[in-house]
Amino acid sequence: MMKVHAYPVVLALLALAGVPALASAQCRDSVVLIHGNTGGPDDFDNTVDELHARGYDDAQIFAPDWGSKSCAACNDHNGSEETPVENALVDAIASSCTGKVDVITHSMGGTLGARVIKRVGLRPYIDSYVAIAGGFRGLWSCGTYPYNVWNSTCGSWGLSVSSPFLDDLYGFRFADKVYSIKSWTDQIVCSTGYCTVGGIHSSSIWNEDGSYTYNGFGHFGLLSYTATTQVDLIQ
């Protein structure tokens, strides 16, 4: 089981001020793993196994646990959902010997991580951002804002197409290098039978450096079965 690490706030402040970060066994970016709606850190078990196989130790891996586990429709991208993600990102930056971190996300974790990076001003510290099965352009199952928006997840801070949240996020670059991993058989992103918004797959990110498609995997298989690709992309 991976550990979710917390470091004193002073370390985060030092890192953000440009003070050299703590040393680790091998100098490389720390990694932050952000799960999806109602998920948990254990969703990344295969990814953590791959990181360990590549020589990462637990002190270099951060996995925030955010949001309600019993009410998927209650979670959005504003407020209490942000706090664990923000803490993990700041702590990871503080402990990274490079002063930067890599971020791997799944589903709603992709848009949530991007929101926190933008709001807190962490963009200069993010090296690679790998978003798996995200809904960056919105989900047709959530309707088009402000019509057919039936819960928090789909509301103004949610994933309805053209929601104020997504419109504000659009165009923002989350990292030095940005990648998406997607499927045309994703049962969440493509639940209505339509994967695209404006002719582009909703899991694709504007101005991305690469996009990888695995049609044999569904929404959750994309996370579980692409660990090698995920870690390749942050090397």
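Kindly indicate the residue of the range 80-115 that is without any contact (Cβ under 8 Å) to a residue 60 or more places away in the chain and more than 10 Å from the chain's Cα centre (by Cα) and also nearest to SER30 (Cα to Cα) among those meeting that condition.
So, considering only residues that are without any contact (Cβ under 8 Å) to a residue 60 or more places away in the chain and more than 10 Å from the chain's Cα centre (by Cα), the one nearest to SER30 (Cα to Cα) is LEU89.
Out of the residues in the range 113-129 that are surrounded by 21 or more Cβ atoms within 10 Å (Cβ to Cβ) and touching an Asp or Glu at 6+ places or on another chain (Cβ under 6 Å), which is nearest to THR83 (Cα to Cα)?
It comes out as VAL116.
For SER180, are the conditions met, namely being of a type in the set (Ser, Thr, Tyr) and open to solvent by less than 30 Å² (accessible area, probe 1.4 Å)?
Yes.
Please go through the range 198-217 and pick out each residue that is open to solvent by 40 Å² or more (accessible area, probe 1.4 Å), closer than 15 Å to VAL178 by Cβ and touching a strand residue (DSSP E or B) at 6+ places or on another chain (Cβ under 8 Å).
Within the range 198-217, ASN207, GLU208, ASP209, SER211, TYR212 meet the criteria.
Taking GLY36, is it touching a residue at least 12 places away in the same chain (Cβ under 8 Å), crowded, with 21+ Cβ neighbours inside 10 Å, part of a helix (DSSP H, G or I) and under 15 Å from the mean Cα position of the chain (by Cα)?
Judged against the criteria, GLY36 is not a match.
In the range 130-160, which residues are part of a strand (DSSP E or B) and either open to solvent by 30 Å² or more (accessible area, probe 1.4 Å) or without any contact (Cβ under 8 Å) to a residue 60 or more places away in the chain (or both)?
If the condition is that a residue be part of a strand (DSSP E or B) and either open to solvent by 30 Å² or more (accessible area, probe 1.4 Å) or without any contact (Cβ under 8 Å) to a residue 60 or more places away in the chain (or both), then TRP140, SER141, CYS142, GLY143, THR144, SER160 are the ones that fit.
With the structure loaded, tell me whether SER128 is more than 24 Å from SER211 (Cβ to Cβ) and at pLDDT 95 or above or whether it fails that test.
So SER128 does not fit the description; no.
Quick check: is even one residue across the range 11-20 at pLDDT 95 or above and not in a helix (DSSP H, G or I)?
There is no residue in the range 11-20 that is at pLDDT 95 or above and not in a helix (DSSP H, G or I).
The values are calculated or read from the model by the stated rules, or taken from the named source; none is laboratory data. Given the structure is predicted, the values throughout are model-derived calculations rather than measurements. Positions of Cβ are backbone-derived with ideal geometry, glycine not excepted, and every protein chain shown enters the neighbour counts. Ligands, DNA and RNA are excluded from the accessible area calculation, which covers all protein heavy atoms including side chains. Shrake-Rupley method; radii C 1.70, N 1.55, O 1.52, S 1.80 Å.
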